[in-house]
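The block underneath contains the structure these notes are about, expressed in structure tokens.
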Amino acid sequence: MRAKLIVKKRALAAALALFLITFAAAAYRWNVTRVEEQERKVEQERKVMFAFYLPWDDSSETVTSLAGQLDKPAGKYGYVYVGPDGHLYVGGKRIRFLGVNVCGSAAFPSKQEAEGIAARLAKFGVNIVRFHHMDAPWESFNIFDKRYGTRKLNDAALERLDYFIAKLKENGIYVDLNLLVSRRLTAADGLPPEIEQIEWKDQQALGFFVDAVRDLHKEYARQLLHHKNPYTNTTYAEEPAVAFVEIVNEQGLIHSWLGGVIDQLPEVFKEELRAKWNEWLRAKYGSTEKLEEAWGGPTRLGEEVLANPSFERGLEGWVVEVHDGAQASYGVVSENGTRTLRIRVVKRGTANWHVQFNYPRIRVREGETYLVRFAARAESEAYITVCFLQAHEPWSALSNVVTLKLTPEWKVYEVALGVSASDDNARFDISNLGALETTYYFANFSVRPFQGSGLIEGESLEAGSVETLPLSEFFSRSPQARRDWIEFLWELERGYFLDMYRYLKEELGVKALVIGTIVGCSTPNIMAELDVVDAHAYWQHPIFPGTPWDPQNWYVVNEPMVNHPLDSTIQWIAARRVLGKPYTVSEYNHPAPNMYDAEAFPILAAYAALQDWDAIFAFDYGSSPRDARRIRGYFDVDQHPTKMASLLLAHNIFVRGDIEPARTLVTYRLSPEDEVDLIV
């Protein structure tokens, strides 16, 4: 009986094994067949597909070519001018521009490249090129002869630029010349050695109040614009193909001050600003006595806002927050007999605010100012932020945000916060603790309303010793002091742009229309005093969580703008137009690798036509290698097949006028006084 069972079991096992082998063989064969079928399908698809490649130098006269739509040469009917309706004209006819930016060394192509690029741009309906970053210090070959700092132009660069512009003109393409974009000044340019402590972008702010720097801006303008192009036999000041000259890219004095740039300038430059500030105050008030009468006296404090400011009742009223993977321990301890909040961050989160603490349920009103005092230290050098926020969604800031540096030594900090919006449930917020793995100590908080101080001890108009208002201390001064400071900056900024405009037009004889900078970096009222009002915008600009422009640490949000009409770029830039002035958008893009980036220029062109703007520019065209056959970076369009193809559509929509302007005009008033009020 036992032997029979064993035989049956063996037979069953053999049958099962045979079944499994047969099944595996069938499955393998089915899988092989499936793979072969997929490969055949892919091969069939390959036969009907083709590489969508647009050659870098293609200017062939195909049915899609728009080269025949451009008047050649550019400027044949005279200079671009502003008509009585506030739009751009040439030879009595309205003109709209569709442009691209050419940046850095790409402004200086070889002759063969210049011919190919110019002809190709014309084919795609581009009728203007904006020359940008010709002064870029990171380029080994730029507009300057680097043996002489930045005070002599590079003859070899000029030769290439001249030929390129001549070829653009020949193909019916106008030019927008940018003067100050990324020039980096040094002591070799005749400035104090402290100039080299300032980043190139921040150096631009000096032109508003340092005469020696402004003189260098003028010197460069003269050298470039009075240079005669041997291929066109005209200077750039007189060249009708030059439609625009821009004074400075994305810069303004108030903008720099709001960004904290002025606070960090070396003392040698702050002294010049202080001297102009005292001169301005003397012209307005005449004496210290009258100034003190207008500004008021010493600081007057109100009642304490915090019910538990010194942690006498532990963390009652306070909230410590640790978010999203960050790790921290915290509690109230005694340090040198003082009740102290200790927060030990042992693991950073994915954002700096993932470790923070705050005091909620505070009622604040727009226009109020609060004086904040506390003692703090950190075991490692660290930076924290202090402000009022909403204690509820959407957690928006309700005041200025002040950044403070903590060191291992105890220090008493004093911060003035100005409330920008009313809220019945605000919170006093200390954040950025998640930026560093260290231990923080805080003690003796005080948050009290106050009016701000007028003159402080030792300040005198007669002695010229009234201090400037650093951004970090702005709200510690009285309302009238704050207003005077913003009016002073506004007038200095206006003075710079009008002085440069006068210099270009009257002394250099520039025939082109002059743009100051973009609205957003300067104010609409100041920019409207020049010829053209300009703006820039990007949808989902690359974000760099660590170091700015780190090529290894960045991301682009992969969202189409068409799905977000209320958050789009269009409403932002449309609101910066000034009635009666030509309006241009000289930089625009939806950066790669956003999968929806091809929407950029058709949408911009459609709304620009509807809003009746005057020029739109893609940023930027691209550089080398010319025949890359790949999308090189975030902004390059020359090797981006769908963006390049969409320029044809953009031309027809905007330049040809396939979409008519809207029939209803909506305006709102914004005076220079309103601009000051919005900042104060």
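The values are calculated or read from the model by the stated rules, or taken from the named source; none is laboratory data. Since the model is a prediction, treat every value here as computed from it, not as a measurement. Ideal geometry is used to build each Cβ from the backbone, glycine not excepted, and the neighbour counts take in all protein chains shown.
Just one of the listed residues (ALA136, ALA156, ALA118) is part of a helix (DSSP H, G or I) and either crowded, with 19+ Cβ neighbours inside 10 Å or acidic (Asp, Glu) (or both), namely ALA118.
Identification of strands (runs of 3 or more DSSP E) wholly contained in region 336-391 with 2 or more residues that are charged (D, E, K, R) and touching a strand residue (DSSP E or B) at 6+ places or on another chain (Cβ under 9 Å) yields 338-347, 355-364, 369-378.
Restrict the check to region 470-484 and report whether at least one residue is farther than 26 Å from GLU239 by Cβ, surrounded by fewer than 16 Cβ atoms within 10 Å (Cβ to Cβ) and among the acidic types (Asp, Glu). No, region 470-484 has no match at all. Starting from region 163-184, keep only residues that are more than 22 Å from GLN204 (Cβ to Cβ) and touching a residue at least 24 places away in the same chain (Cβ under 8 Å), then list their pairs with residues that are of a type in the set (Gly, Ala, Ser) and in a strand (DSSP E or B) whose Cβ atoms are within a distance under 6 Å, requiring at least 6 positions of separation or different chains. Within 6 Å, the pairs are TYR174/ALA243.
Cβ-Cβ under 6 Å, sequence separation 6+ or interchain: first residue in region 138-157 and under 23 Å from GLU199 (Cβ atoms), partner in a helix (DSSP H, G or I). Which pairs? From residues that are under 23 Å from GLU199 (Cβ atoms), the pairs are GLU139/GLY104; GLU139/SER105; PHE141/SER105; ILE143/ALA157; GLY149/ALA188; GLY149/ASP189; THR150/ASP189; ARG151/ASP189. For beta carbons closer than 6 Å, sequence separation of 6+ or different chains, a first residue in region 662-680 that is part of a helix (DSSP H, G or I) and a second that is of a type outside the set (A, V, I, L, M) and surrounded by fewer than 13 Cβ atoms within 10 Å (Cβ to Cβ), there are no qualifying pairs.
Got a sec? Which of ILE603, ILE659 is modelled with pLDDT of 95 or more, under 25 Å from ASN563 (Cβ atoms) and assigned to a loop (DSSP other than H, G, I, E, B)? Talk me through it step by step, then tell me what you get.
Working: ILE603 fails: assigned to a loop (DSSP other than H, G, I, E, B).
The conditions single out ILE659.
Within region 374-401, residues that are of a type in the set (Lys, Arg) reach partners that are assigned to a loop (DSSP other than H, G, I, E, B) and at pLDDT 95 or above with beta carbons closer than 8 Å, at six or more positions or on different chains, in the pairs ARG377/THR407; ARG377/PRO408; ARG377/GLU409; ARG377/TRP410. The one condition from (1) at pLDDT 95 or above; (2) more than 22 Å from PRO625 (Cβ to Cβ); (3) out of contact with any Lys or Arg (no Cβ under 9 Å at 6 or more places or on another chain) that HIS133 does not meet is (2).
For region 606-641, what are the residues that are among the β-branched types (Val, Ile, Thr) and modelled with pLDDT of 95 or more?
ILE616, VAL637
Scanning region 222-246 for residues that are in contact (Cβ under 8 Å) with a residue 60 or more places away in the chain and farther than 20 Å from ASN101 by Cβ yields a count of 11.
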